[in-house]
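Beneath this line is the structure, given in structure tokens, with notes to follow.
The values are calculated or read from the model by the stated rules, or taken from the named source; none is laboratory data. Computed from a predicted structure; not experimentally measured. Glycine gets a Cβ as well: all are built from the backbone with ideal geometry, and neighbour counts include every protein chain shown. The accessibility values were calculated without ligands, DNA or RNA, using every heavy atom of the protein model including side chains. Shrake-Rupley method; radii C 1.70, N 1.55, O 1.52, S 1.80 Å.
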Amino acid sequence: GRGACGAGPESCVPSRRGIPVDEDRDGRFDEGCPFYIGAIHPVLEAMPVDDDVLGGVRYVGADLTNDATRLFTTPVVDGSSRNQILVFHRSSPGEPFTAETQLVLPESPSAVSATEDGTQVFVEIGNSVRVQAYSWTGGAPALTAAFESFGQPSVRRDGAELFLTRSGAIYTSRLDSLGAWSTREVVRAGRFPILSEDGLTLYFSDAGALQTLQRASLDARFGGASARPDFARIPSGQIVRPFHVVHTRELFFSLQTVGQLVGLWHDRE
């Protein structure tokens, strides 16, 4: 739900159907309204989540395109990963996601990150713990790079920077003008890194808590003391890899309970 807000064209009162309305038709939803978290719910309503780790379907390591209409995730069925990335689509933020296509890979991915237009995807291959990069514009994806002994990828929206993990530490690598990735550099200790839309905030998990780091520009390094975002405090479980879509006021994330990622969830502010 939404609370009352001050003067402005956008209404902060939920519609009867619970679907957001862009009253001033500027492409943004509820600008000027307070930010808070309501009841969380699965985003993939057509594909129920079963939190029994011995059976059912779970979705792990999701990412969205910048227009928030295409969602990438990896399925875990009856405890086993599939050799595919599932892609879901919606025509607008007010509509539900529906299945669009599957990207079939040679091996089973356990996490996925995509660029702003979805033409590049980075996947973690869990059996041998490495990250593979693919280009994809429809049809079969083409392998473009591999990062041995690294996992949990998060690529910047423009595809020019990549965050990875290894042995409990977060690393970064940048793409140069010739298309080569730089030597991986340590950012800090942590797991499950993911960048904000503007690339200036890094969300990550450390010692069981969601934290953030800030930087002044895309060329700057992350530094200083980490902070815990307000939306990290959800009693249902530990938030992992949150992705905040600013213009639609949605927060997508996975929940970690009892050491397992049990599903992909989202909430609208």
Has the range 249-264 got any residue that is within 19 Å of residue 159 (Cα to Cα) and at pLDDT 75 or above? no
Residue 138 vs. criteria under 15 Å from the mean Cα position of the chain (by Cα), of a type in the set (Gly, Ala, Ser) and not in a strand (DSSP E or B): no
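For the range 198-251, give me every one of the strands (runs of 3 or more DSSP E) that falls completely inside it and has 3 or more residues that are within 24 Å of residue 67 (Cα to Cα).
Fully inside the range 198-251 and qualifying: 201-206, 238-245.
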For residue 230, work out the one condition from (1) farther than 15 Å from residue 163 by Cα; (2) modelled with pLDDT of 85 or more it doesn't fulfil. (2)
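Among 209, 146, which is among the small types (Gly, Ala, Ser), under 21 Å from residue 255 (Cα atoms), open to solvent by 20 Å² or more (accessible area, probe 1.4 Å) and touching a Lys or Arg at 6+ places or on another chain (Cβ under 7 Å)?
209
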Could you look through the range 187-197, keep only residues that are in contact (Cβ under 8 Å) with a residue 40 or more places away in the chain and not in a loop (DSSP other than H, G, I, E, B), and pick out the one that is surrounded by the fewest Cβ atoms within 10 Å (Cβ to Cβ)? 195
Only one of these is more than 23 Å from residue 59 (Cβ to Cβ) and under 20 Å from the mean Cα position of the chain (by Cα): 130, 157, 166, 191. Name it. 166
State all residues of the range 96-120 that are hydrophobic (A, V, I, L, M, F, W, C), assigned to a loop (DSSP other than H, G, I, E, B) and under 24 Å from residue 161 (Cα atoms); if no residue qualifies, say none. 105
Suppose we filter the range 228-254 for residues that are open to solvent by 50 Å² or more (accessible area, probe 1.4 Å) and out of contact with any Asp or Glu (no Cβ under 9 Å at 6 or more places or on another chain); how many remain? 5
If you check residue 162 against the conditions, is it modelled with pLDDT of 90 or more and touching a Pro at 6+ places or on another chain (Cβ under 8 Å)? yes
State whether one or more residues within the range 154-165 are open to solvent by less than 40 Å² (accessible area, probe 1.4 Å), in contact (Cβ under 8 Å) with a residue 60 or more places away in the chain and assigned to a loop (DSSP other than H, G, I, E, B). yes
